[in-house]
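Report on the structure given below.
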Amino acid sequence: MSELAEPKLELQAVSKSYVRDKRPYPVLDRISLHVREGEFVTLIGPSGSGKSTLFRLIGGVERPDEGTVRIGGRETTGERGHISYMPQQASLFPWMSVAANISSALTTAGVGAAEAARLASQWLERIGLGDVAKEYPHVLSGGMQQRVSFLRALLMPRDVMCLDEPFAALDALTRADMQAWLLDLWEAERRSVLFVTHSIEEALTLSDRLYVLSRGPARVLREIAVPFPRPRRADVWKEPAFVRLKEEVLELLQKGAEAEHAL
């Protein structure tokens, strides 16, 4: 991955405020970040630091007050249809089968019906869910639903995937299993990913780089390169360097919170 490659996603000095009780409520304060081709980048910060707002701006659902969004080398500020998105909860249609949930997302994105059905069947087999292709989402476990939801996002023909705390609602064992599963699948495909989490361990386990955000109005406190090689070992969290970096990020978040509180 070249350091000189043009970013697949770039935010330049993005700011956003809302109006509450007839007064401006700033959420984002001149946020700048980028994600390169095939890079896994994570946003980490306290609750209320505007991470989900950033995703709405990147997805074109809202426009920033200031700043620009660029995807695939061109400005896309306020434009929809340029990213694939996976929310915190699996967003599957309960009246559709697992296979139909995937193929319908692809046809919406412009893939032909026959090709969408073929891809859905092929990929469900690949991720070990071929035997539930004709089932409905309510019969799947939480982890299985998240796998299907992630597969929908992965197969969308978009340059950038935005994953908004996709494992937050899972129990610890299922979450660890999903992290390993996500890494394996991402290593094979190497899509450009912007990931949101509250978990420092999850961020360090999955990412190439982190952006540490302050409390709202969110600012970038620091950009951190994660030094562990890929493919990433499942027990990387045991390494002394991992523990030190985790403590560094935690201290940074605490200092950022204290500074904001002092204001």
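The values are calculated or read from the model by the stated rules, or taken from the named source; none is laboratory data. On a predicted model such as this, the values are computed, not experimentally measured, just so you know. Positions of Cβ are backbone-derived with ideal geometry, glycine not excepted, and every protein chain shown enters the neighbour counts. Accessible surface is based on the protein model in full, side chains and every heavy atom, while ligands, DNA and RNA are left aside. Shrake-Rupley method; radii C 1.70, N 1.55, O 1.52, S 1.80 Å.
When shorter helices are ignored and each DSSP H run of at least 4 residues is given -39500 (n - 2.57), the per-residue value for the chain at 222 nm works out to -11500 deg cm²/dmol. Between region 1-74 and region 175-210, the C-alpha centres lie 19 angstrom from each other. Size of region 23-100 from its Cα atoms: along the principal axes, largest to smallest, the extents are 43, 33, 23 Å. Share of carbon and sulfur in the accessible area of the chain stands at 51%, probe radius 1.4 Å. Potential lengthening of the chain between residue 65 and residue 131 amounts to 19.0 nm, from the contour at 0.36 nm per residue minus the alpha-carbon distance.
Under the convention that each Lys and Arg Cβ holds +1 and each Asp and Glu Cβ holds -1, the size of the dipole of region 1-157 around its Cα centre is about 380 debye. Spin-label pair residue 246-residue 187: with each label point 7 Å from Cα along the Cα-Cβ axis, the two points sit 2.1 nm from one another.
Computed from the C-beta positions of residue 222 and residue 171 and an R0 of 45 Å, the FRET efficiency is 0.90 to the nearest 0.05.
Placing +1 on the Cβ of every Lys and Arg and -1 on the Cβ of every Asp and Glu, with no other charges, gives the chain a dipole of roughly 440 debye about its Cα centre. Each residue of region 60-65 was assigned a 3J(HN,Hα) from its phi angle through the Karplus curve 6.51 cos²θ - 1.76 cosθ + 1.60 (θ = phi - 60°); the sequence is x, 5, 10, 10, x, 6 Hz, with glycine and proline shown as x. Look at the dipole of region 1-147 built from charges on Cβ: of 71, 142, 129, the Cα furthest out on the positive end belongs to 142.
Taking every DSSP beta bridge that has both ends in the chain, the antiparallel portion is near 50%. Heavy atoms of the protein chains alone define the surface here; on that basis the chain has 48 Å² accessible area per residue at 1.4 Å probe size.
The ellipsoid that matches the Cα gyration tensor of the chain has semi-axes, each √(5λ) in whole angstrom, of 30, 23, 18, with the longest given first.
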